[in-house]
Amino acid sequence: MRNRRGAAFRPRPLANRFGEVHIDGKGERMKTIRSIAICAVFLAAAGAYASCPNRASGLIGPSGITSGWYDTFDTSCASTDASTAEMSCYTWPSNSFTSSGTYASYSMVAPTGSGHTGWQVSTWVDFNDSTAHSRNALAVTVRVWHNSSISYSSTFLFHDGTQGTLECTRIDSSGFTVADGDTVEVIYSVDNYDHATIRVSSPVIFEG
């Protein structure tokens, strides 16, 4: 799998799976965020749009990433209770999370002929918390559904106010395997208690 990471764009992922997260006293917050993600799973189907995603190939993203096939989403494609805004850099639309217990979920069905290893998700994040509060937190999870069961799940980012600022920071998942007809879902789960700025771009899903 090619490395699509921008030179200055990747903080170290802080969690792997919702069922396996144990981070120094943050268990209660992760339970809350896990519950939000589970709710988003059931709401995603109702929020799906026939025109989503947009499938293309070539260059993508602020960094000019070279790719084969990839899928992008407008914020209107999301099942979400978040508002919309622009990222701190570029003019990409984003989901803006201004309260606790909010989420955004994007999903797509893998086209015929696209199933193989090396799929990857990228997203860009703005996170600014002047209070450095641990209760302001963002988790990003990718899941693959195969025959109505989860075949892969990974929380590839967990970030809270104690961990500093992210400014249009690119976050990449690890590679994963998808079969034709599988549903790929990306879930953003947020708690925002103290007026932090938490914005995320809609995901880019690379088909390997």
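The values are calculated or read from the model by the stated rules, or taken from the named source; none is laboratory data. Just so you know, these numbers come straight off a predicted model, no measurement behind them. So basically every Cβ, Gly included, is an ideal-geometry build from the backbone, and we count neighbours across all protein chains shown.
At a glance:
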| read-out | value |
| --- | --- |
| Considering residues of the range 85-97 that are modelled with pLDDT of 95 or more and not small (G, A, S) only, the residue farthest from V204 (Cα to Cα) | F97 |
| Residues (acidic (D, E) and assigned to a loop (DSSP other than H, G, I, E, B)) located in the range 121-167 | D129 |
| Flag if I38 is more than 23 Å from E207 (Cβ to Cβ) and either at pLDDT 50 or above or outside any loop (DSSP other than H, G, I, E, B) (or both) | yes |
| Some residue of the range 96-105 being closer than 20 Å to N54 by Cβ and part of a strand (DSSP E or B) | yes |
| Residues satisfying the stated conditions in the range 123-166, i.e. of a type in the set (D, E) and either in contact with a Lys or Arg (Cβ under 9 Å, 6 or more places away or on another chain) or without any contact (Cβ under 8 Å) to a residue 24 or more places away in the chain (or both) | D126, D160 |
| Any hit, the range 141-154, residues being basic (K, R) and under 18 Å from the mean Cα position of the chain (by Cα) | yes |
| Sole exception among (1) closer than 20 Å to R199 by Cα; (2) surrounded by 14 or more Cβ atoms within 10 Å (Cβ to Cβ); (3) modelled with pLDDT of 85 or more; (4) among the hydrophobic types (A, V, I, L, M, F, W, C) for M30, by number | (3) |
| Conditions (1) under 23 Å from F206 (Cα atoms); (2) surrounded by fewer than 21 Cβ atoms within 10 Å (Cβ to Cβ); (3) in contact (Cβ under 8 Å) with a residue 60 or more places away in the chain: number failed by S76 | (3) |
